[in-house]
Amino acid sequence: MTQKESEVTEQHVVEYLRAHPDFLLRHPYLMLELKLHHRQQGLPDLSLHQQRLLRQEVDTLKQQIRDMIEHATANELIFKQLTQCQLAIMRCTELNAINDTLAQRFDAYSDIQCKLISIDDSVSELVTAKLTSSNCYLGRISQQFAAQLFSDFEVGSVALYRISASEQGNYILAFASRSAEHFSPQHDNMLIAAFIQTLTLKLEALA
């Protein structure tokens, strides 16, 4: 093998074929030398094989779109509920009333729960693991941590926000979804930022 041949990689071949999609049509004899046999399906028709791959890609894209729509719908629900919560929370005169408001707003929805949790020894390990380097965490958590936050709810993923309210104490604003994919690190916190500010001001006012 010459040095020039050794420098040709599979990627070079792929790039060349992409740039010349009619290559096999212009060199049909090459088909006789290629190993196209599939162990389960035998010798394939290349056009059928291409159609099969395209269908798989289309099915994958459709599923991604369905997931995006599902998550967008759930996020829209959260945004609407939090907008209404802001007004209700401003009328609260004690801490328990705030948690009651959060519970009531999401009580009608079986897939999402929300609560305000005071940071104490019972959740200190969770705070150390998930909220030390950042004041928020989105993603999956262990069953142990899930039980500490939502003992009566099947948790797939969570969104946790640490709130420091001066003398009133420190809290976790916790959302839980049954879907393991709903809350993920890729999601931004733009929709929740205004609500957290309102909640923090109210907690400080109750001190």
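Working carefully through the options THR128, THR101, THR83, find the one that is out of contact with any strand residue (DSSP E or B) (no Cβ under 6 Å at 6 or more places or on another chain), farther than 16 Å from PHE150 by Cβ and either among the small types (Gly, Ala, Ser) or surrounded by 15 or more Cβ atoms within 10 Å (Cβ to Cβ) (or both).
THR101
Among the candidates THR128, THR101, THR73, which residue alone is β-branched (Val, Ile, Thr) and under 20 Å from MET190 (Cβ atoms)?
That would be THR73, the only listed residue that is β-branched (Val, Ile, Thr) and under 20 Å from MET190 (Cβ atoms).
Being assigned to a loop (DSSP other than H, G, I, E, B), of a type in the set (A, V, I, L, M, F, W, C) and farther than 11 Å from ILE172 by Cα is the filter here; which residues of region 123-161 pass it?
ILE141, PHE150, PHE153, VAL155, listed by residue number.
Of ASP121, ASP111, which residue is under 18 Å from ILE163 (Cα atoms), open to solvent by 80 Å² or more (accessible area, probe 1.4 Å) and of a type in the set (Asp, Glu)? Steps first, answer last, please.
On the way: ASP111 fails: under 18 Å from ILE163 (Cα atoms).
Answer to the check: ASP121.
Just give me the residues in region 162-192 being among the hydroxyl-bearing types (Ser, Thr, Tyr) and in contact with a helix residue (DSSP H, G or I) (Cβ under 6 Å, 6 or more places away or on another chain), in sequence order.
SER166
With respect to ILE192, is the statement that it is surrounded by 18 or more Cβ atoms within 10 Å (Cβ to Cβ) and under 20 Å from the mean Cα position of the chain (by Cα) true?
Considered against the rule, which asks whether it is surrounded by 18 or more Cβ atoms within 10 Å (Cβ to Cβ) and under 20 Å from the mean Cα position of the chain (by Cα), ILE192 comes out as yes.
Restricting the search to region 158-183, which residues are surrounded by fewer than 18 Cβ atoms within 10 Å (Cβ to Cβ) and either touching a His at 6+ places or on another chain (Cβ under 9 Å) or farther than 19 Å from THR73 by Cα (or both)? Talk me through it step by step, then tell me what you get.
So the first thing to find is which residues in region 158-183 are surrounded by fewer than 18 Cβ atoms within 10 Å (Cβ to Cβ), and the list is 164, 166-170, 178-181.
The answer is SER164, SER166, GLU167, GLN168, GLY169, ASN170, SER179, GLU181.
State which residue is farthest from ALA180 (Cα to Cα) when the search covers only region 138-153 and only residues that are free of Cβ contacts under 8 Å to residues at least 40 places away in the same chain and surrounded by 13 or more Cβ atoms within 10 Å (Cβ to Cβ).
Filtering first and then ranking leaves GLN148.
Here is a yes/no grid of residues against (1) under 29 Å from ASP152 (Cβ atoms); (2) among the charged types (D, E, K, R):
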position	(1), (2)
GLN51	no, no
VAL58	no, no
GLU70	yes, yes
ALA108	yes, no
CYS114	yes, no
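The values are calculated or read from the model by the stated rules, or taken from the named source; none is laboratory data. What you are looking at is a predicted structure, and each value in this text was computed from that prediction instead of being measured. Quick reminder, even Gly has a Cβ in these numbers, built from the backbone with ideal geometry, and neighbours come from all protein chains shown. The accessibility values were calculated without ligands, DNA or RNA, using every heavy atom of the protein model including side chains. Shrake-Rupley method; radii C 1.70, N 1.55, O 1.52, S 1.80 Å.
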